[in-house]
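The values are calculated or read from the model by the stated rules, or taken from the named source; none is laboratory data. Everything quoted here is computed from the prediction, not taken from an experiment. Please note: Cβ atoms are built from the backbone with ideal geometry, for glycine as well, and neighbour counts cover all protein chains shown.
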Amino acid sequence: MAHKKSSTTDIALRVATAMKQMGIDGLPRNYELVYEAYAGANPDLVRDFVALGKYKTQAMLDELGRKYLPHQHEASVLQRSAGAISGEMSNFMDLLSQERTSLSDYGRLIGEASQVIRNAGGEDVLGGSLAALQRATELRVSHTAEMAAKVAAQSAVMEGIQKEMADFEAMKFVDPPTKLGNRRAFNKALARVYANPDLPMLCGVVVAEVDADRRFSPAQIEALSDHLVTFYGGLIRQAFPTSDLAVRFDGLRFGFLFQTSDEGEVTRLVDLLRAAFQTMALRDPRTGRNLGHLTLSAGVCMSDRAESALDLASACERALLEAKGAGGDLVVVYGRGDEVPAGKEWMLYRAS
């Protein structure tokens, strides 16, 4: 069968093959780094990746990841925030120490005044002691007001730091145009599937791509790119079960993780999503003209048919490539073992 490869799917398969050839561990962060290098969107990353040479250690890859991939800087951001919090808490402790010293001085002054009053032999001495006590009280009131203002200021700083950390935590796994998860969220979820290699989590994983090339020319796709992403991203967000994971990788490629070991249930959910594509007409954002309906191709693999996150992602990519190569508007379910020739132990079906 002559395959009509999509460039993004082809890159994903080249990445999986290259990682095995170079002996790079199939860690999600390694996959993302190598994928970005092969995609070529960042020339500096490509140059530095090539400069690592033929044999790339994990330390070298992690150093490159910290430089070019945002999520590799999570620890630095958290450390910086933690350092700021530590500094603010230190300031707060200094204020408390000042408060304790002030209280000690105030108590000593009151004690001395009381002693003078008890031993007073004349009205002038008593009056002077009472005046000193009054001044001390006024100073204490003023100091308390200053203390309250400083504590309020420190609290505001702390709230700002907490908001910064909350915003960072919320956005690092989100794809802004679609409000779905991003590749980082997908990699993290796949890593959890095989957190216990001897007992992987049972689930179904899907890599899908909108068949825009069946309806539009490359120039039209480029012109409508932003609209297609937001339109179909929003459609997927509305149609997808909230208990499962839906992410956007790039362009019109999406990934899904269904929390079920039932292959039939996974394909049923994919078909429901494809049916939603058939019911929602796409309109030109400039003219409002009806552009018809686009279809969806998908590659499916169950977690018990792969031994690692990299193998699982590669199996889905291969299945998607098979679906696209057969003309699109297809779902391909990957069978057991990727060593069999193309066309064997695969299940293909079109939407009815």
- [ ] Please give the number of the condition M302 fails out of (1) out of contact with any Asp or Glu (no Cβ under 7 Å at 6 or more places or on another chain); (2) more than 18 Å from G234 (Cα to Cα); (3) aliphatic (A, V, I, L, M).
- [x] (1)
Open item on the list: Give all pairs with beta carbons closer than 9 Å in which a residue from the range 41-57 that is closer than 13 Å to G23 by Cα meets a residue that is assigned to a helix (DSSP H, G or I); count only pairs at least 6 apart in sequence or on separate chains.
Closed with: G53/M60; K54/M22; Y55/M22; K56/M22; K56/F49; K56/L64
TODO: Could you grab the pairs with beta carbons closer than 7 Å, sequence gap of 6+ or different chains, first residue in the range 182-195 and of a type in the set (G, A, S), second one surrounded by fewer than 20 Cβ atoms within 10 Å (Cβ to Cβ) and in a loop (DSSP other than H, G, I, E, B)?
DONE: A185/F173
- [ ] Collect the residues in the range 274-284 that are surrounded by fewer than 18 Cβ atoms within 10 Å (Cβ to Cβ) and under 23 Å from F240 (Cβ atoms), keeping them in residue-number order.
- [x] A275, A276, Q278, T279, M280, A281, R283
Open item on the list: Regarding the range 230-242, can at least one residue be identified that is crowded, with 16+ Cβ neighbours inside 10 Å and of a type in the set (S, T, Y)?
Closed with: yes
Task: Among (1) closer than 27 Å to E317 by Cβ; (2) in a helix (DSSP H, G or I); (3) out of contact with any His (no Cβ under 6 Å at 6 or more places or on another chain), the one test that V157 misses - done: (1)
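Only one residue in T178, T230 is at pLDDT 80 or above, assigned to a helix (DSSP H, G or I) and of a type outside the set (A, V, I, L, M, F, W, C), so which one is that?
Of T178, T230, the one residue that is at pLDDT 80 or above, assigned to a helix (DSSP H, G or I) and of a type outside the set (A, V, I, L, M, F, W, C) is T230.
Looking at T242, T230, T260, T267, can you tell me which residue is in the same structural domain as Y194 (by TED's automatic domain parsing) and more than 26 Å from the chain's Cα centre (by Cα)?
Step by step, each of T242, T230, T260, T267 is checked, and only T267 is in the same structural domain as Y194 (by TED's automatic domain parsing) and more than 26 Å from the chain's Cα centre (by Cα).
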